[in-house]
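Undergrad: Got a structure for you, questions after.
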């Protein structure tokens, strides 16, 4: 049997109103489109690696290009199957208009993502907090912002929530202030406590000289007096220095006989 005869035989096989040859051609076109999309996205990735744009902007652009390419590929494949593409485009437009009310959330996330990228309250790698969630920003995509928490959990937050939330960026500034509170017995003089706290802060080289550490009497409690210790340090040392100062103050208080109040839980 000649090859042309084989093709004719395949063409005569029908799957409903569509011939088997049409389906096979559409599958081939789909595979070609898939290959082209993969190549284009790799080119986009290489261009973005060399660009000076922020990573959050790059991920947003890549997501948009990927969605656009798949829409074009869908139209091409459907057209290959014999469906009028102009009618399909019109149908997509009408469907998009009809669905706009039901996808307001997605549209809100989309435009909120654009707003976030434009105003730049944070960038990839920043440690932020919004909506009661804190973590390091990985990327901003079309509809979601992805962050990773300190215990290595990935959280996907809708962009509309990010845009409407109060955003706290812990990374943007180089220096951070650490606030600590210590309760001390009424039996200890104020100057003794303040001197001990200043010495604890001075002993840690990570504590900045300017602005100078601040020590002050904060408030009076029923069984104790609370003192505030406020020091400035580089942002990368902020977490560790809180633990270090707590330990240092405990040691100095013990060496100098500074009494701390003891809470006793009474049985119920």
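What follows is calculated from the coordinates using simple rules that are stated; it is not laboratory data. None of the values given here were measured: they were computed from a predicted structure. Counting neighbours? That spans all protein chains shown, and the Cβs are built from the backbone with ideal geometry, glycine included.
Undergrad: Note the full-extension length gain between residue 36 and residue 189 as 0.36 nm times their separation in residues minus their Cα-Cα distance, in nm to one decimal.
TA: Answer, rounded to one decimal: 47.4 nm.
Undergrad: Let me ask something else about it. Would you mind calculating the gained length between residue 66 and residue 114 on full extension (0.36 nm times residue separation, minus the Cα-Cα distance), in nm to one decimal?
TA: Between residue 66 and residue 114, full extension yields 15.6 nm more.
Undergrad: Ranking 119, 233, 145, 192 by Cβ neighbours within 10 Å, fewest first, what do you get?
TA: The most exposed by this proxy come first: 119, 192, 233, 145.
Undergrad: At a Förster distance of 45 Å, what's the computed FRET efficiency of residue 78 paired with residue 134, Cβ-Cβ distance as r, to 0.05?
TA: 0.50
Undergrad: Suppose the chain between residue 219 and residue 156 were pulled fully straight at 0.36 nm per residue; how much longer would it get relative to their current alpha carbon spacing?
TA: In short, 18.6 nm is gained.
Undergrad: To make sure I understand, if each residue's beta carbon is the centre and we count other beta carbons within 10 Å, what order do 136, 38 fall in, fewest to most?
TA: 38, 136
Undergrad: Now for a separate question. Can you tell me the mean projection area, over all orientations, of the convex hull of segment 106-169's alpha carbons? Units nm², please.
TA: Taking a quarter of the hull surface, the average projection is 3.6 nm².
Undergrad: Let me ask another. 7 Å from Cα along Cα→Cβ at both residue 203 and residue 179: what's the point-to-point distance in nm?
TA: So the two model labels end up 2.6 nm from each other.
Undergrad: Please arrange 245, 197, 218 by how many other C-beta atoms lie within 10 Å of their C-beta, fewest to most.
TA: With the sparsest Cβ surroundings first, the list reads 218, 245, 197.
Undergrad: Something else about it: Provide Rg and Dmax in Å for segment 143-188, with only Cα atoms included in the calculation.
TA: Rg then Dmax for segment 143-188, in Å: 18.1, 59.
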